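Report on the following structure.
The values are calculated or read from the model by the stated rules, or taken from the named source; none is laboratory data. From a predicted model like this one, the values you see are computed outputs, not experimental measurements. As a convention, Cβ positions derive from the backbone with ideal geometry for all residues, glycine included, and neighbour counts pool all protein chains shown. Side chains included, ligands, DNA and RNA excluded: accessible areas come from the protein's heavy atoms. Shrake-Rupley method; radii C 1.70, N 1.55, O 1.52, S 1.80 Å.
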Amino acid sequence: MNAALESRPDRQSRLAYRASLSLRAVSVSRAGRRVLAGVTFDLSPGEAIILKGANGSGKTTLLRAIAGFLPAENGAIEVQSGESTRSSASDRRACIAYCGHADAVKAPMTVRENLSFWARLYGAPERRIAEALASFALQALADTHAGALSAGQRRRLGLARLVIAAKPIWLLDEPTSSMDAASSARLVALIENHRREGGAVLIATHDRIEIEGARNFVLEALETA
Amino acid sequence: MIADLANPERFERFVKPFWLTASALAVILLALGFYFGLFHSPADYQQGDTVRIMYVHVPAAMMSMACYTAMAVASIVGFVWKHPLADVAAKASAPIGAVFTALALVTGSLWGKPMWGAWWVWDARLTSELILFFIYIGYIAIWEAVDDKIRAARLAAIVAIVGFVNIPIIKFSVDWWNSLHQGESIFRRGGPTIDGSMLLPLFLMIGAYMMVYAALLVPAMKNELSARRIARLERMGGVSGVRPE
Amino acid sequence: MKTFLAIILRDVTLGFRAGGGATQAAMFFALVSLVFALAIGPEPARLSALAAPILWAGALLSALVSLDRIFQSDYEDGTLDVLVETADLLELRVLAKAAAHWLSSLLPLIVAVPLFALLLNLPVEGYWPLLASLLVGTPALSLIGALAAALTLALRRASILVSILAAPLYAPALIFGVGAAEAGAAGAPSFVPTLLLVAASSLFALVFAPLAGAAAIRFNMS
């Protein structure tokens, strides 16, 4: 699978630029309550971080803060790309693709229609739709209505957005939920390929996911003084 | 310094003299206003004693707009500078303003019965007042509907500000609508001019209503500040940090 | 511009597919007309005098019942994340959603207006003024509605709250819209100025609704 992906000539040119992410003493509050404090780490091109933590420990909050949906109360979230440093939420988004719990899939539209809508939003060329279908083995389902897909197939379609977006930094929230082993393996292959191209990946998950050379982080309650 | 006032005790200590003055003035002005309004002002040559409804109606109508203005200004301050005290002031103003609006509607309707022969006439001012009442309801409803108080404050501020810029247009459209559908209304309320002897109780009552607003606003703000702190304490969950495994 | 059109196209497509609700808005409009006619009685003169107000009120009510569709499903299925993530100007996204609502929920209903006007015995000279006032005035309903929908998108049973927030702001469009339709039907010279007031209501909504709606979405996403 991996080899097949790499043999495609256009795949090498997919990632136009590299970017690294850095968090410095970031704290985030929700509904007037501080959820995260002092979060500091770096994610460089080619790296992968797997973020674990109990339910409610703030994994989704952290990912959404990095993606720019939630404001960071303190600290800095920066994306470095080439010479430029992007610290505002809207600037960061240019380098980040976020896949949350929800797949953003519209049930009354076909798989291909969903993908081509995203391609319009991300300003991606048409050929990426075929790439996205191939990456998640969705070719046979291309003209099926998304409402008829199984939960795992729908998840694959949701993640196929990563191929369309072609952003250097991926933020994945529970990407393998309701996926079978073969699909998980396909996702891992895609992540490996993305890293080889210089992309970076941050995954929040409960599931076991084997990614070579990934760093493991845990979100857990701080000792309160 | 102003940030500290979001603490309920400090807020109470700081505004207590102000609140006591406002409450005392409210009582005095109300008493004087009622006295002059009921006993020391003439009856209207056309409307008779019913003109005395004016002393409760006109200040209520004025305060319905004044409260909304205060609410909108506080909303802008809260929206721009994200200060909790401004959010709380805006929120606390809304029910007071809604009650003034309801009072204006009810007294207007009571006044309408002898004047127009009907409890309700789609008079332009009454209609605008009714629409204003619905805007208040919407503002209060969004506060009620959103659990997260910080988000509720921002959304409610949007409602207040959008309502504020729309009120003149709504008022204009209702005036236009009313002039198009001239009904059987005969009298211009209050007559062409108001006699000086009527102005005194009117001004006393306007002053009294303003003090009532201030006197009600302070405890409402204090309650809201305390409620927020309790909610914050109840929600005290763990704070998470990241560490490598 | 391309993404702007893509969003409109997708929303309109979704609106017209099974369960999309575009046909439901038109059905609701038919129902409102029927209910008014039954309540008022069959007398032709009365009906023809009330036809324009009934049809304007029907359009307003149909708009209200279809508002929570504008953002709710996009919020629930995560599409709104993608729309915000890829937006250069969130205000334009709100505008696109409002335009799609107008195209899929209100335009079909305006197309059906001549039929209902016929049933309500609207005089012939009233058709064009009514259609003109609806075409010019209903965009205000979609724009203000999109704002109300943006304010309430994270709330579950929000449909009544959406109406409470939107309806007071609908007053100018409704008042001027009916006024223009009636002035036009009567051949009064005030028709054009009133129609301009209707247009002004829509233009004003065009300014504040996307601005306030985008702010509301940002706060609701956090």
_Options B:Ser75, B:Ile158, B:Ala145, ranked by Cα towards positive dipole end of segment B:52-198, top entry (Cβ charges)_ = B:Ser75
*Note the per residue figure in Å³ for the convex hull of the C-alpha positions in chain B.*
152
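In whole Å and largest first, what semi-axes does the C-alpha gyration tensor of segment B:197-242 yield when each eigenvalue is scaled by 5 and square-rooted?
Details: eigenvalues 420, 13, 3 Å².
Each semi-axis is √(5λ); the values are 46, 8, 4 Å.
Hydropathy first: keep DSSP H helices in chain C averaging at least 1.0 on Kyte-Doolittle, then drop any whose Cα extent along the axis falls short of 27 Å, and list what survives.
Values: long enough: C:22-40 (28 Å, 2.13); C:44-66 (32 Å, 1.42); C:127-151 (36 Å, 1.66); C:159-185 (35 Å, 1.61); C:191-221 (44 Å, 1.73).
Membrane-span-like by this rule: C:22-40, C:44-66, C:127-151, C:159-185, C:191-221.
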_Could you work out the pair-distance distribution P(r) of the protein assembly as shown from its alpha-carbon pairs, with 20 angstrom bin width and percents rounded to whole numbers?_
16, 41, 31, 12, 1
*Mind checking which of A:Arg93, A:Arg64, A:Arg208 has the largest fluctuation in a GNM of chain A, springs on alpha carbons under 10 Å?*
A:Arg208
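Could you tell me which chymotrypsin sites (Phe, Trp or Tyr not before Pro) in segment B:1-85 are loop residues by DSSP with no more than 15 other beta carbons within 10 angstrom of their beta carbon? Provide the component values of the computation, followed by the final result.
Working: sites: B:Phe11, B:Phe14, B:Phe18, B:Trp19, B:Phe34, B:Tyr35, B:Phe36, B:Phe39, B:Tyr45, B:Tyr55, B:Tyr68, B:Phe79, B:Trp81; in loops: B:Tyr45.
Hits after loop and neighbour filter: B:Tyr45.
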*Can you give the alpha-carbon Rg of segment B:52-198 over 2.2 N^0.38 Å, where N counts its residues?*
1.17
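For segment B:52-198, what's the relative contact order in percent, using C-alpha pairs closer than 8 Å and at least 6 residues apart? Don't skip to the end; give the middle numbers.
Numbers: 142 pairs, mean separation 40.2, N = 147.
27 percent.
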*Distance from a point 7 Å along Cα→Cβ of C:Ser48 to each backbone N in segment C:122-157: keep the residues under 20 Å and list them by number.*
C:122-132
*Can you grab the distance from the C-alpha centre of segment A:58-77 to the C-alpha centre of segment B:108-152, Å, no decimals?*
41
_How would segment C:126-219 be classified by its alpha-carbon gyration tensor: rounded, prolate or oblate, with rounded meaning a/c under 1.5 and the a/b versus b/c comparison settling the rest?_
prolate
*Express in whole angstrom the spacing between the alpha-carbon centres of segment A:108-125 and segment A:168-194.*
20
*Kirkwood-based Rg to Rh ratio, segment C:2-221, C-alpha trace*: 0.99
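Given the -39500 (n - 2.57) contribution per DSSP H run of 4+ residues, what per-residue ellipticity at 222 nm results for chain A, rounded to the nearest 500 deg cm²/dmol? Walk me through the numbers on the way to the answer.
Details: 8 runs with 70 residues, N = 225.
For chain A, the value works out to -8500 deg cm²/dmol.
Is the shape of segment B:1-126 rounded, prolate or oblate, going by the alpha carbon gyration tensor and its root eigenvalues a ≥ b ≥ c, with a/c under 1.5 for rounded and a/b larger than b/c for prolate? Display every interim value, and only then the final one.
Values: a/c = 4.20, a/b = 1.83, b/c = 2.30.
In terms of gyration-tensor shape, oblate.
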_Residue of A:Ser84, A:Ser22, A:Ser57 that the Gaussian network model of chain A assigns the largest fluctuation, springs spanning Cα pairs under 10 Å_ = A:Ser84
*Between segment B:32-102 and segment C:138-152, the Cα center-to-center distance that results, in Å*: 30
*Relative contact order of chain B, pairs being alpha-carbon contacts under 8 Å that are 6 or more residues apart, as %*: 34
*Say we join alpha carbon atoms closer than 10 Å with springs in a Gaussian network model of chain A; which of A:Gly100, A:Gly147, A:Gly68 then has the biggest fluctuation?*
A:Gly147
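In terms of solvent-accessible area of protein heavy atoms at a 1.4 angstrom probe, what is the ranking of B:Lys222, B:Lys113, highest value first?
My answer, sorted largest first, is B:Lys113, B:Lys222.
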*asked:* Under 5 Å between amide hydrogens, which residues at least 5 positions from A:Leu36 or on another chain qualify, with H placed 1.01 Å from N in the peptide plane?
replied: A:Val28, B:Ser240
*Would you compute, for the Cα atoms of segment A:11-107, the largest minus smallest coordinate along each principal axis and list the three values in descending order, in whole Å?*
43, 40, 24
*With every protein chain left in place, what is the accessible area per residue of segment C:2-221 in square angstrom, probe 1.4 Å?*
39
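Where the accessible area of the protein assembly as shown is counted over protein heavy atoms with a 1.4 Å probe, how much of it, in %, is carbon and sulfur?
On the way: 19140 of 29530 Å².
With neighbouring chains kept in place, the figure for the protein assembly as shown is 65 percent.
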*What percent does the relative contact order of chain A come to when contacts are Cα pairs within less than 8 Å and at least six residues apart?*
29
